[in-house]
Structures are given as C-alpha cells and as structure tokens.
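Enquirer: First, the structure itself, so that you have it in front of you.
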Amino acid sequence: MAVELAFETETDGVVVRVTPSFLEAESAPAQDRYVWAYKVEIENRTDQALKLVTRHWRITDCEGRVQEVNGEGVVGQTPDIAPGERFEYTSGAPLSAPSGVMHGSYRFTEPDGGVVEAEIPMFPLDSPYDLRTPN
C-alpha cells in the first residue's frame, strides 16, 4: 500500500496543503503516459474572506520539460473561503515521463480590494516506473 504524503506551506495566512498520488490504472508506461491525482486543501487563517480568482502551475518532468498552466479559479470554480474555513478539490496531471515536480501559486482577492498571492508548495510526482537511482 502506497503512503500518501502531504506537502504544506503558509503564505500571509493562507495554508495550501497538497497530497499527490500516482494513478496506476490511468497510466500507460508503454505509451509514455503517467498520471497523478492531487488533492488540494486551502485553509483561510486570515480575518477576511478570500475569493480564489486565478491559479498558476509549473510542472517539470524528470527530462526537464516544463509545462505552465494559468487559468481562472480551480476545477471550474472561483470559491469564496471565509475566515477559518477550508476549500478542497482534486485534480490531475499527466506526464510523458515517469516522474516530475509541481508547484505554483493562487491569487485571491479580499472584499476591500486587496490581493493575496499564496504559494503552492513544491511536491513530487513519483511513479514506480522511474528506475533512476541517486549517486
């Protein structure tokens, strides 16, 4: 049974926690297709409501190829997160290499017009098909 690890960071009172998992059933290593799911939990520890308006992801595979993903909200939503509340969602990332890393940021707006840029922690996308070993 695989152990799922969570990766967490806090930026200006916004906690972002990510738990990645390799999706064996959706992957096809013979066709260079490796798929991960990642669960994200965003916790608002500020004293203001926050609206998640944009996301930015940087995905780098073990071959050094980089994908940049920018867009409005997450999974088709621009959620409002009240002080002390959390928002969770699950998404996925396919790669053509057996491992990589992801990180990024979310932009939130506050009711008074302020903006919060919250970091998404770097986390690994490791599959059992990456046969490289450290020196």
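The values are calculated or read from the model by the stated rules, or taken from the named source; none is laboratory data. Keep in mind that this is a model prediction, so the values were computed, not measured. Note that we place each Cβ from the backbone using ideal geometry, even for glycine, and neighbour counts take in every protein chain shown. Surface areas here come from the heavy atoms of the whole protein model, side chains and all, with no ligands, DNA or RNA. Shrake-Rupley method; radii C 1.70, N 1.55, O 1.52, S 1.80 Å.
Enquirer: Residues being open to solvent by 50 Å² or more (accessible area, probe 1.4 Å), over 21 Å from residue 60 (Cβ atoms) and not in a loop (DSSP other than H, G, I, E, B): count how many of those fall in region 1-16.
Expert: Of the residues in that region, 1 qualify.
Enquirer: Within region 73-98, work out how many residues are part of a strand (DSSP E or B) and out of contact with any Phe, Trp or Tyr (no Cβ under 8 Å at 6 or more places or on another chain). Before the answer, list the steps.
Expert: Here is the first cut: in region 73-98, the ones part of a strand (DSSP E or B) are 74, 77, 80-81, 86-95.
When the remaining residues are screened for being out of contact with any Phe, Trp or Tyr (no Cβ under 8 Å at 6 or more places or on another chain), the result is 80, 86-89.
The qualifying residues number 5.
Enquirer: Follow-up. Filter region 64-90 for residues that are under 16 Å from the mean Cα position of the chain (by Cα), in contact (Cβ under 8 Å) with a residue 12 or more places away in the chain and open to solvent by 40 Å² or more (accessible area, probe 1.4 Å) and give the result.
Expert: 68, 69, 70, 72, 75, 77, 78, 86, 88, 90, listed by residue number.
Enquirer: Only residues in region 41-53 that are under 12 Å from residue 79 (Cβ atoms) count as the first member; pair them with residues that are outside any strand (DSSP E or B) and β-branched (Val, Ile, Thr), Cβ under 7 angstrom, at least 6 apart or cross-chain, and list the lot.
Expert: 51/78; 52/78; 53/78
Enquirer: Filter region 103-135 for residues that are in contact (Cβ under 8 Å) with a residue 60 or more places away in the chain and in contact with a Lys or Arg (Cβ under 7 Å, 6 or more places away or on another chain) and give the result.
Expert: Once the filter is applied, which keeps residues that are in contact (Cβ under 8 Å) with a residue 60 or more places away in the chain and in contact with a Lys or Arg (Cβ under 7 Å, 6 or more places away or on another chain), region 103-135 yields 106, 108, 117.
Enquirer: So how many residues does region 17-53 have that are β-branched (Val, Ile, Thr) and either open to solvent by 70 Å² or more (accessible area, probe 1.4 Å) or in contact with a Ser or Thr (Cβ under 6 Å, 6 or more places away or on another chain) (or both)?
Expert: The total comes to 2.
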